[in-house]
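Report on one structure; see the data block that follows.
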Amino acid sequence: MKNLVPNKIFLTKGVGRHKEKLASFEMALRDAGIHAVNYVHVSSIFPPGCKLISKEQGLKFIKPGEITFIVMAKNQTDESHRLISSSVGLALPADSTTYGYLSEHHASGITDEECGDYAEDIAAQMLATTLGIPFEGATSWDERQELWKLSDKIVRTSHITQSAIGQREVWTTVVAAAVLLIELEEDDHNNGNKAAEHNKQHTDSEKPHK
């Protein structure tokens, strides 16, 4: 098997409510469209050459029961009127042959914009340090963003964020996720079919003759 390097990524988010905590998480996954996969929580690298596609496109590639790699931020509350949020930030280098960063952040009591900006800032800071771009931690996000744009080394930063306000006597869950897809090349697909056919022939040859 070749290295499991994703070649497509899509972003999604969701909110769910239920009297049971686990069920509220399931509802949030359903809202995000990723409830039917067996997900593996992975960390923060946006692979070189990976293509960012829309949620609508991405959902066409996943199958029920599939092992799926996901960078996910999650937040939950059962407190009435509590504002919660979750965000995944993204920072991509101008050179598509090098890797970018994904970050996770969740918080209480802040808006979508504040949570999203923070996650985006984290991803951009991690990428900037690998590219040798200087930054001052005391400067504002807008100032750092302008500096990174002027460097021409970071081509894009963004985020996906979900927030919700808690309700009485139910659990509220918010999720934000980057779903990493591994689409086999045509040669890999053909080789897989050949291997399956070979195994079938080998199995058939071992069956006793009547």
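The values are calculated or read from the model by the stated rules, or taken from the named source; none is laboratory data. As the structure is a computational prediction, the values presented were derived from the model and not from experiment. Note: ideal-geometry Cβ built from the backbone for every residue, glycine included; neighbour counts use all protein chains shown.
Counting the residues of segment 3-20 that are within 15 Å of F69 (Cβ to Cβ) and assigned to a loop (DSSP other than H, G, I, E, B) gives 5.
Please find, among A23, A36, the residue that is under 24 Å from T172 (Cβ atoms), in a helix (DSSP H, G or I) and not charged (D, E, K, R). Within the list A23, A36, the selection yields A23. Among the residues of segment 40-60, count how many are touching a residue at least 40 places away in the same chain (Cβ under 8 Å), assigned to a strand (DSSP E or B) and of a type outside the set (D, E, K, R). Matching residues across segment 40-60 total 4. Selection within segment 61-89: residues that are in contact (Cβ under 8 Å) with a residue 60 or more places away in the chain and assigned to a loop (DSSP other than H, G, I, E, B). The member of this set that is surrounded by the fewest Cβ atoms within 10 Å (Cβ to Cβ) is H81. Taken over segment 185-196, residues that are modelled with pLDDT under 50 and either among the acidic types (D, E) or closer than 14 Å to Y39 by Cα (or both) amount to 2.
Yes or no, residue by residue, for (1) acidic (D, E); (2) in contact with a His (Cβ under 7 Å, 6 or more places away or on another chain):
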position: P6; (1), (2): no, no
position: A32; (1), (2): no, no
position: I45; (1), (2): no, no
position: L52; (1), (2): no, no
position: M72; (1), (2): no, yes
position: D78; (1), (2): yes, no
